[in-house]
Each structure stands twice: as structure tokens, then as C-alpha cells.
Amino acid sequence: MEGWQELYTVATQPFGFVTAISALTFDTSQDLLWTGDLNGRIASLAGPSLRKYTSYVGHKSTVQQILVNDRGVLSLDSDTLRMTQRRGILRFNLKDETKMKDLTCMTYTSRGTSEVVVAGQNPGLLRVNVDRGSIVNEVQSDDGFTVMRRGGRLICAGSNRGEVVLIDPVSLQIIRKIPGHSGGLADLDTHDNVLLTCGQTHRGTSYLLDPLLNIYDLRTFRPQPPVPFPAGAAYVRMHPKMSTTCLVSSVTGQLQMLDFFNPAHAYLYQANVSYVTGLEFSTSGDYFSLAGNTGSVQIWGTSESSQFTEFGRQIEWNDPVIDTTPSMKVTEDVPLNTVGMPYYKEKLLSAWPPDMVFNVARPPEPIDPEILATMKMVDFVGYAPFPKRHRRYVTESLPYSNYSKTESKTPMFRSEQDKVSAQLGTSRTMEATTDPVESFKKVEIKYSKFGVEDFDFGFYNRTPYAGLETHLQNSYTNALLQLYRFTPLIYNFALKHVSGSCRLEHCLLCELGFLFDMLVKAEGQHCRAYNFVRCLSSIPQASALGLLEDEASNSKQNPIGAMLQSFNRFLMERIGQENRTKEIESSELINNKFVTQLDKVAGVTTLTTVCCGNCKSETHRRATTYVTDVVYPKSHESSNGRAAGNGTDSKANAWNFCDILQHSLESNTNTRGWCGEKCRRYQMLTTTKHVLSLAPVLVLNAAVTTPASRQLWCQKNFLPMKFQADVGKEGLTIKQVPESTVPDEDGNISEIYELVGMVVEVNFGPADNHMVSLIRIPQEDVSKPWYLFNDFSVQQFSSAEALKFDYVWKTPTSLIYQSCRSSRTEYNTQWKDQMDTSLLYSQAAINFDTSLRFEYSCLAKEEAPRAGTLVAIDAEFVALQQEETEIRSDGTRHLIRPSRLSLARVSVVRGDGPKAGVAFIDDYITTKDNIVDYLTEFSGIEIGDLDPLKSKKSLVPLKVAYKKLWLLLNLGCVFVGHGLANDFRTINIQVPKDQVVDTVDLFYIKSRQRKLSLRFLAWYLLNENIQTETHDSIEDAKTALFLYKKYLEIREQGGLSAFDNVLNEIYDEGRLVNFRPPVAAASDTTTSMSTSTQAILTKEVPGMNAEDRKVISQLVEL
């Protein structure tokens, strides 16, 4: 145990990379040492001299553990298990998004090296077959695991609760749990029947390394006397040859080689390393290795004569590189393509930017010689007969142009993609731009003849976060709405409000909650903020403040950046007013002032004192603001508040962001004003503003309007990721803290704030001036924690690029900081259990009269919807704006803007129970907008149906109808309908796929390239003629419900193959009648059901009684 010394130290990463090593192990078959780092790079070093052997990037995140067997190297990161050959060639890459999450450890099972068990922070164990590279099964467990080792007859694992869990290596069942360390296990090792553990212990408000090494006897499952290690045991390894000898290490490099049954017989060593990240013994026992946070590896041993393994195979080295490049002499006869291209790093001069590449017209084809031979000249014009080679009015098919739209940086329409793929013979592949400047440019929606649904939004967004469309007025607010959506406290506040009983017709806070919920449920699909901007347009104060694009577009003094900052102030004040009325009963009375929920979330409470310089009289005013404008210092002011002289060092007086923010929140100004207390004249007044309390959320307007303020933002690292704010007796103190600072969860003295994101104005010129948001979303990829939300384009960004403001076209507009405490950074879902559903059981019509008879009956309490409740829905719409088209020079029509539709009627029908088929919602939506077309032929809405003074229908505001559907959605109801995708888009609601049953997709064969109408399906399957004169949403919803039940009936009686036969017969019958029900009298209407379909209905089913046969025979007769 004595005589150990450091032999070699070597860096495992390439030159210029300094990354901590996270995994370390010795090879069992060859003389190799394997390492893995935080960036996912795996490297191997050969022999005690640590000669570099292989190095490759195996994972995208931190390498958690490495195992070695005869066939290759197993490496594990948080969500992937990878096996490679020792030369770095991939064998398999196992990844399962549902099962493999937050993985931390693995070890071999009883099947030797052919099977491993993988575990992580989430409960459960995964058995993986190494030969096939697949998951065999999953074994449930109560806890997650942080470390795992295979012993003689047991697998020893450390749970995330600090317990030692003993697992059967055959069945993977937990045999026993042994208490370990109160703060969690740091490391463990086992050999024969002895188990050693080290970990952390909870002391006060922090966790420290336990100064004791715990020992357990696995035969009796009892602890043995621990061994003291005052430096704090972080890693422990047992000697592979000496069964009672172990090596213990601290994080600072203090080593102790000892006999744990005789602790007095110990030897101390000190490694020259700043921070130890790994410790491992070689299989021969002659060496051990230490890994550090700087990417270096140390080899310790007693001599250099031995090897890592006793009976290892010879290492296979690469063949020597022989330069076989032929020398050539370039002459006029030698093609230039035979000359090899040199390796280059810079962008080639031939890589033209996209704005300098133009698509020219097709060159004219040469005239046919036959035409030239028969041509006669009259004056200067030639005439010749045109040889007929094809039918009249049919042009020749020209070869496909070399110019392909797939090379463009704008996506093709979805209807064109299949055509191009068929012509080119390959699938369409398009990659979004990686140029940061290109990512900030304005994106626009293009329209085909199929409307906006044909636009490929997926090209611009391949993330799990939804973007917002831009073809709406006032869509400049999209960036700010996205920023508030990713602020947890604002999100929770809005969802809690909307789940309550607010009945205001134009409530921005409710619309904000609806929008947030829609963005979450979209999961990366595009959304529209239509209802929100419509509600904003209906508020007179918004128009008076110039916040509407149609009102402010003519004003050149209202740039879009200032316009958004004004909207930010208006939005927070407005939702504060809307929430204050509702919460006045439950608000707290502090200093004779009601403190609402929004005050607790985003309110900055200040006390302003105005003192007269003559009579010294003072007036005090207490106020709460939700948005703070950043006030920049004047050019002659320094950060300490004194004027800077000519000889003052500019660096000493440089303002940082924290000083500017403190100066903006607390100020002291002298102005001339009216003293109304004693002087009764204009005097010099001193106005002092002090902060009394700060909220967990700080909303800031950057207000970058001068060159001096822009110059401050251009400084490197000007915007801090975190800062600490203290509100004490002496006033407010704000100072920047490192990004790794952890807040005190129980402390109330100071608050640590972290940057959530910002809204940025992008100005590439008058034609491209818009707003984007940069939001920091914590995730596994620490290299790109930022997301750029450029309307419906969403991309990942690095921190360096997101916080770079030295571009002249990039100006910060609004920022949000939020408290780092865990209780304030979580998205709350308790609002789903506290929803006020009384709206579903009561009459909400604004024109309710006992003399009016509506076509629906409200739900009763015993019919309360729950998860899985079946409801049928249909909606009708009216046009508020006709579509805009233009006729091009070639005679084709080009859609400029589609028609703007508005919800006019929505009907929801019960799907189950004794009242199945009876509507419980049939709302007509009143509107103050100008309706240009009632679309009566398709909607059934007539003039006067939406007028409160004339209508005899059940009229409700749009918000009431929308909230009913929103309640059904969040209660878990399943919506049945025909063509629901278009209905939900126009209603502006996002419904998950597992809550939608669309009959247009059920009765559809993709190869037939035609979707069947509801009227045709009802005629064929239900023997009903619907929509004979006009549409009725209740009738359509009931028909869709009965079609779905017919679908279930056919599937239940004949299976999937029988339904496919029926579906083919429907299409065949549809071709005969042009997919339209034949016009016939009701008495002459006969079933069009074929013989095979009748055979399915009359097929004998086991367990069928006489009553069932009677019902089926009646169906066949119908």
C-alpha cells in the first residue's frame, strides 16, 4: 500500500478544449484507459505512458458512465446508450424518448457482459440486451438511482434518497434497502461481501461531504464501524487483489490508501489536481487513475514495468499513412477537375449570398429546321405553317428545369412537395438557415389556392414550442406574449384567473390565459392570437393610446419599438384592473391599501416624497407599478452619483446594468413646482422615490432611445444573467452575482433574480421592421439555452449570440427578470382542479326570455363531463372580410389574403347517456364587427340571427361560447365531428389529437385522394338526407356522432378488414353518383348498402341473444 507516486499526467481533450471529465474506467481486455467528458467526447489512452489511442464525440450531453466488454465500449448519457468498437466505430445507438430520461448509471446483470441494467433519476430499471441493442423489459421501482455497482451476488445501487438498494441481478427485484447518507450518495464500491459508501450529510442549510466512510457486511446486511476521513470522502474504490484494502479520495485531491478493517494502517498522499472528478483502479491492481475538472488524467503506480491488465490482448493500432498523392503536371490537355481541392476553413468566394442569386428565364429553344425551310418572308416578317405534333390547345411537356425550389430558403407549399418529390425521385429535404442574421429577418406567410393551410409552417419551427402567425392586425404583440408565456408566475396568474368565474366580455387577462393554454397544448404547432388581438381592438383606451396598427400606421412618430413598450405598460395595468375587481374580497389590506394577486407577482411598491426647499413641508405618495422604464444616466454623471471631471477615468465611472436599474427604481430629482402646503407659490421641490418592496417578477422597458444608451448595451457582458436585490432600511441595493449562485429558499432578506428573456426590435429597413423575442428555456443542451421566437419561426440560439447587442439593427425593447426560488419557477397545474364549470349548467344567453324556445337543454349536475366523455361538435361561421386575389399576366389567380371568418354558431351534442344526440350547447355569437357575408348557404345563418334586438336565437358573447368549449377541453372530453381541423382553427382553440375523433379522417383512403362529405356519408351509411336546403350545426354534429358509432359498430362486428371493405364500397358507390346523394323523394329513398355490408351486419356474433338479432334485422331492413 506504500510507495505510490504520480507517473504521468496528460490532457484527454483536443488542444483548446478544457472540459471536466465525468466518467473514467480501465479496459478489461486491452491496456487502455477510457474517459468521457461533459461535452460527450469519449477518449482512450494506451498504457501507463497514456499514449492517445482514440477520441470521438459519442453523445450530445455529459457522459455519465462507461463500461467495457470484449465486443466494445458502452457509454451512457442522460437519454442514450451507445456501443462502439474500440476504434470508435458505432455498433448501436439506443434511444427511447418515453423510457430513457435523466439516466445516470448502469452495470452488468447475471448474464455477464451480454446484458446491462440502466437506471436514472426517474423511478424504474431498464434491462438492455447488449447483443441486440434493444430494451428487453422495464422493472418498476420506488426511487431513482445515482450510482450502481455489480458485486458478487447482488447489484448495489445508491438511490436519490441516499439509501443503498440491494437488487437481485436475475429478476432486478429490490431485496433490501439500507440507510446510507442523509444528503445522498456520492460513490460506492463492492467486492465479495463488503460494501463501501461515501456521500453527503445535511448540516444546517447546506450539504457537506460526510467525513466517514461507511462499511456494510452484505451477508448480514448490517453496518460495520465506519472509517474516518476528515477531508470528506467523495470517491472510494476497493483494490481488485487485496480484499480489505481501499482507496479514498476527497474532491481536493487528498488520497488515503487503507485497510478498512485496520484503519490505523493507512498511507496519505496528495494529488496535484484542483478538483477530482473521478477515481478508478486498473484490473491488475498496479495502477489507479485520477480525473480532474481541467480535462487532465493522472496515472499513479509503484512502477512502470507492469500493465493495466494481466492477460490483455494486443492493441490494434492504425496503419501508417503513406502519401500516395501523385505529382501531376498541369498542361492545356489536363482537365482541371483532376486537380484536388485544398482544405479550407473560410467561406469560398463562390458561395454567393442569396440576395445576389437570381432565377433567370428559360432560354428560347431553337426553331425547328422544318419551319425555317418552309418559311416565306413578307417584308421583314416570316410566315410558315406550324407542323402539328400534338392535339389542339395542348402544349408540349418541357423537361424539368434545372432550377429547383428545393434549393430556395423559403418553403414550398405542402401541395407542391409531393409533385416535386415525384419528379426528382427523392424526398424533399430543407434545412433552416444557421446564419444568425438570417434568423432575425422577417418571415411572411405565403398563400396558395388552398389557403393558409397549405403553407409549410414546420419548415420554420422544429422545436417543441409553438410560434404565432403574423397575418393579423396588431401581431406586433406576438413577441411580448411569448415572453410572458415563459414567465411561470405570469403564466400561473393568467391560468388561475381564466379558470375562475370572470364574466367580463372584453377581458385581456382571460384571453391571455386562453392563449397560454393553447400554446402549451400546441406542442410546436403554429397558433394564432386572433381572439387576443380582437379583444385588444375592442378596447377604446388601446386605440386612444395608438396601440393599434391600423390607428398608428399613419403616424411616423410612433415606431414599433416605442409602440410595444407602451403596449407593455397598458397590458399590465389593464390586467391589474381586471383582476382587482375580482379579487377585492380576498385581497390583503396593507397600510390601508388593497394588495391584489398581481401586486404580489409583478408589483413594485414605491414611496415618493416631495419636499419643498423653502418651507420643508413634505407630501408622501405610495404607488405600485408593474412595468419599470430604465432611466439611463446623463453623459456628465458617473456611477457614484457625482459629476465626472475632465480628468476622471472613464472606466472608473462606467455604469453597469445593476447601477442603472437601481437608479431607475430609486431616484432623487430637483424640479421647480407648486408648493401648495405653506408657500403657495412655485418653489424648488426635491422628489425622492424609495422602493418599499419588490415582486418576484420585474418587468422592464429598455427605453434605448439615445446613442449613449445604445453604447452602454454594446458593452460586452452588459446584461447580467443574475443579480441580487436587497431592500433594507438604507434603501435598495442591486449587485450582479455569478450565474451559478443558488438562492436561499428560506431567506427573506435578499432576492436573486434571473433573466427570463427579452423582446428585441429588428430593423433592417422600412420594409423589415418587426419584433422578436429571445427567451431562455432551461434544458439539457446547455450550449444553446436560448430560443428565438420570430413569430412562427422558432430556433435555438447560443447565449453569446442572444446577448450580443452590437448590431445596429438589433435594439432591446423589454426584459423580464424573475426570482430564482424554486417555488416561483414552476408551472402550476392546480387550476385544472379548481375550474369554475357553472357556465356549463346555466343559461348564459343575453337575450334570454321565457317565451323563447331554444333547441338545446343545459347539462344537469349528474351529467358532469369528465375525462373521456364523448361530445359531438359543429360550428358555423360568417365572413368579416372577403379574400383578396389578383389576376396575373398569365391569367392565373393569386391569393393575396384569405377571407377572415368569425364564429357565428357552435353546437355541442351529448355523445352518451340517455340523452345521447341532444344538444346542450347551441350558442349564436353576437358581434359588433361588420359582417360582409353571412354565408347562409353553408352556415344557415341569416340576417338578424346575430342581432340582439331581432334574434330569437340563444345569443352569447364570443368569450362565453369560447370558455364553454375551453372547459370541455380541459375536462378531458373527446370531440367528435366532421372536418374539425378547420373548425378548431377558426374558433382559435388547440385540441390535442387524443381528444379528437374526426369522421373525415375515419372514412378516408389516402390513395383515393378524395375526402368524403358529411352529406354523402349520411346518405350511404345512415340512409339520411341532410343539408337539403341549408346547414344546421346541431344536425351536422348529430350526424357525425352517428357516423362514429356506425364506424365502431362495423369494427366490432367485422373487424378492421370488414371496415376496409365497406370503405372501398363507399368510394366505388361515390364514383357512380359523383359523390353526391341522388335527388329522390323521401318515399323512394332506398338503402345503398351493398350485399357484403349487409352480410357483416347479419354475421352471427358469439353471445348474441334474440333481442340483438331483432335489432340487427331492423337495421338491415332500413
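The values are calculated or read from the model by the stated rules, or taken from the named source; none is laboratory data. Every value quoted in this text rests on a predicted model; they were computed, and no experiment measured them. Positions of Cβ are generated from backbone atoms using ideal geometry, with glycine treated the same way; all protein chains shown enter the neighbour counts. The accessibility values were calculated without ligands, DNA or RNA, using every heavy atom of the protein model including side chains. Shrake-Rupley method; radii C 1.70, N 1.55, O 1.52, S 1.80 Å.
For segment 522-537, the criterion of being of a type in the set (A, V, I, L, M, F, W, C), within 21 Å of the chain's Cα centre (by Cα) and assigned to a helix (DSSP H, G or I) is met by at least one residue.
The rows are residues; the columns are (1) closer than 20 Å to PRO720 by Cα; (2) in a loop (DSSP other than H, G, I, E, B); (3) touching a residue at least 12 places away in the same chain (Cβ under 8 Å); (4) in contact with a Ser or Thr (Cβ under 8 Å, 6 or more places away or on another chain).
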position	(1), (2), (3), (4)
PHE789	no, no, yes, yes
PRO812	yes, no, yes, no
GLN818	yes, no, yes, yes
ASP833	no, no, no, no
ASP836	no, yes, yes, yes
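Taking the options GLU573, GLU578, name whichever one is acidic (Asp, Glu), closer than 30 Å to SER501 by Cβ and at pLDDT below 90. Testing whether each residue is acidic (Asp, Glu), closer than 30 Å to SER501 by Cβ and at pLDDT below 90 leaves just GLU578.
GLY546 meets the conditions (1) open to solvent by less than 10 Å² (accessible area, probe 1.4 Å); (2) at positive phi; (3) not acidic (Asp, Glu) in every case but one. The failed one is (1). Screening the candidates ALA1037, ALA1018 for the property of being surrounded by 20 or more Cβ atoms within 10 Å (Cβ to Cβ), closer than 30 Å to TYR841 by Cα and not β-branched (Val, Ile, Thr) yields one hit, ALA1037. Checked against (1) surrounded by fewer than 21 Cβ atoms within 10 Å (Cβ to Cβ); (2) of a type in the set (Phe, Trp, Tyr); (3) closer than 29 Å to GLU310 by Cα, TYR275 meets all criteria but (3). Of everything in segment 162-187, what is part of a strand (DSSP E or B) and either open to solvent by less than 30 Å² (accessible area, probe 1.4 Å) or more than 17 Å from THR109 (Cα to Cα) (or both)? Give them in sequence order. Residues satisfying the conditions are GLU163, VAL164, VAL165, LEU166, ILE167, ARG176, LYS177, ILE178, PRO179, LEU185, ALA186, ASP187.
Looking across segment 123-137 at every residue that is under 18 Å from ARG71 (Cβ atoms) and of a type in the set (A, V, I, L, M, F, W, C), the one that is most open to solvent (accessible area, probe 1.4 Å) is identified as VAL136.
I'd like to check which strands (runs of 3 or more DSSP E) are fully inside segment 847-963 and have at least 3 residues that are surrounded by fewer than 20 Cβ atoms within 10 Å (Cβ to Cβ) and modelled with pLDDT under 85. Show your work before the answer.
Working: elements: 870-881, 884-887, 893-897, 900-910, 919-925.
In segment 847-963, the matching strands (runs of 3 or more DSSP E) lie at 884-887, 893-897.
In segment 299-336, what residues are outside any loop (DSSP other than H, G, I, E, B) and either modelled with pLDDT under 75 or in contact with a strand residue (DSSP E or B) (Cβ under 7 Å, 6 or more places away or on another chain) (or both)? Hits for segment 299-336 are ILE299, TRP300, GLY301, ARG313. Within segment 489-513, being open to solvent by 10 Å² or more (accessible area, probe 1.4 Å) and touching an Asp or Glu at 6+ places or on another chain (Cβ under 6 Å) holds for GLY500, SER501.
Can you find a residue in segment 188-196 that is hydroxyl-bearing (Ser, Thr, Tyr) and either open to solvent by less than 10 Å² (accessible area, probe 1.4 Å) or touching a Gly at 6+ places or on another chain (Cβ under 9 Å) (or both)?
From segment 188-196, those hydroxyl-bearing (Ser, Thr, Tyr) are 190; that's our starting set.
Now narrow it down to the ones that are either open to solvent by less than 10 Å² (accessible area, probe 1.4 Å) or touching a Gly at 6+ places or on another chain (Cβ under 9 Å) (or both): 190.
Within segment 188-196, one or more residues are hydroxyl-bearing (Ser, Thr, Tyr) and either open to solvent by less than 10 Å² (accessible area, probe 1.4 Å) or touching a Gly at 6+ places or on another chain (Cβ under 9 Å) (or both).
Inside segment 240-264, residues that are part of a strand (DSSP E or B) and closer than 26 Å to GLU304 by Cβ make up a count of 11. Scanning segment 715-726 for any residue that is among the basic types (Lys, Arg), within 19 Å of PRO436 (Cα to Cα) and at pLDDT below 90 turns up at least one such residue.
Yes/no matrix, rows are residues, columns are (1) surrounded by 14 or more Cβ atoms within 10 Å (Cβ to Cβ); (2) of a type in the set (Lys, Arg); (3) not in a strand (DSSP E or B):
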position	(1), (2), (3)
CYS679	yes, no, yes
THR686	yes, no, no
ALA708	no, no, yes
PHE723	yes, no, no
GLY757	yes, no, no
SER773	yes, no, no
PRO778	no, no, yes
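Pairs meeting the criteria (first residue in segment 569-589 and at negative phi and among the aliphatic types (A, V, I, L, M), second residue at pLDDT 85 or above and not in a helix (DSSP H, G or I), beta carbons under 7 Å, at least 6 apart or on different chains) are MET572/TYR626; MET572/VAL627; MET572/VAL699. When GLU876, GLU883 are checked against the criterion of being free of Cβ contacts under 8 Å to residues at least 60 places away in the same chain and among the charged types (D, E, K, R), GLU883 stands alone in meeting it. Does segment 13-29 contain any residue that is over 16 Å from LEU279 (Cβ atoms), open to solvent by less than 30 Å² (accessible area, probe 1.4 Å), at pLDDT 90 or above and part of a strand (DSSP E or B)? The answer is no, given that none of the residues of segment 13-29 is over 16 Å from LEU279 (Cβ atoms), open to solvent by less than 30 Å² (accessible area, probe 1.4 Å), at pLDDT 90 or above and part of a strand (DSSP E or B).
Can you name every residue in segment 188-226 that is assigned to a loop (DSSP other than H, G, I, E, B) and either touching a His at 6+ places or on another chain (Cβ under 8 Å) or within 19 Å of ILE167 (Cα to Cα) (or both)?
ASP192, ASN193, ASP210, LEU218, ARG219, THR220, PHE221, listed by residue number.
Evaluate the following for LEU125: is it touching a residue at least 60 places away in the same chain (Cβ under 8 Å) and of a type in the set (A, V, I, L, M)? No: the conditions fail for LEU125.
Of the candidates ALA1018, ALA981, the single residue that is in contact with a helix residue (DSSP H, G or I) (Cβ under 6 Å, 6 or more places away or on another chain) and among the small types (Gly, Ala, Ser) is ALA1018. Residues that are surrounded by 10 or more Cβ atoms within 10 Å (Cβ to Cβ), of a type in the set (D, E, K, R) and at pLDDT 75 or above within segment 357-413 comprise ASP368, GLU370, listed in sequence order.
From the list LYS735, LYS716, exactly one residue is in contact (Cβ under 8 Å) with a residue 60 or more places away in the chain, open to solvent by 30 Å² or more (accessible area, probe 1.4 Å) and either more than 26 Å from ASN670 (Cβ to Cβ) or not in a helix (DSSP H, G or I) (or both). Which is it? So that I can check it myself, show each step before the final result.
Details: LYS716 fails: in contact (Cβ under 8 Å) with a residue 60 or more places away in the chain.
Only one candidate qualifies: LYS735.
Would you say ASN531 is modelled with pLDDT under 90, crowded, with 17+ Cβ neighbours inside 10 Å and not β-branched (Val, Ile, Thr)? Steps first, please.
Details: modelled with pLDDT under 90: no; crowded, with 17+ Cβ neighbours inside 10 Å: yes; not β-branched (Val, Ile, Thr): yes.
Answer is no for this residue.
Considered as a group, the residues in segment 964-983 that are open to solvent by less than 20 Å² (accessible area, probe 1.4 Å) and in a helix (DSSP H, G or I) include one that is nearest to ARG528 (Cα to Cα), and that residue is ASP983. Those residues that are touching a residue at least 12 places away in the same chain (Cβ under 8 Å) and more than 27 Å from LEU980 (Cβ to Cβ), I need them from segment 838-873; list them, please. Within segment 838-873, ILE846, ASN847, PHE848, LEU852, LYS861 qualify.
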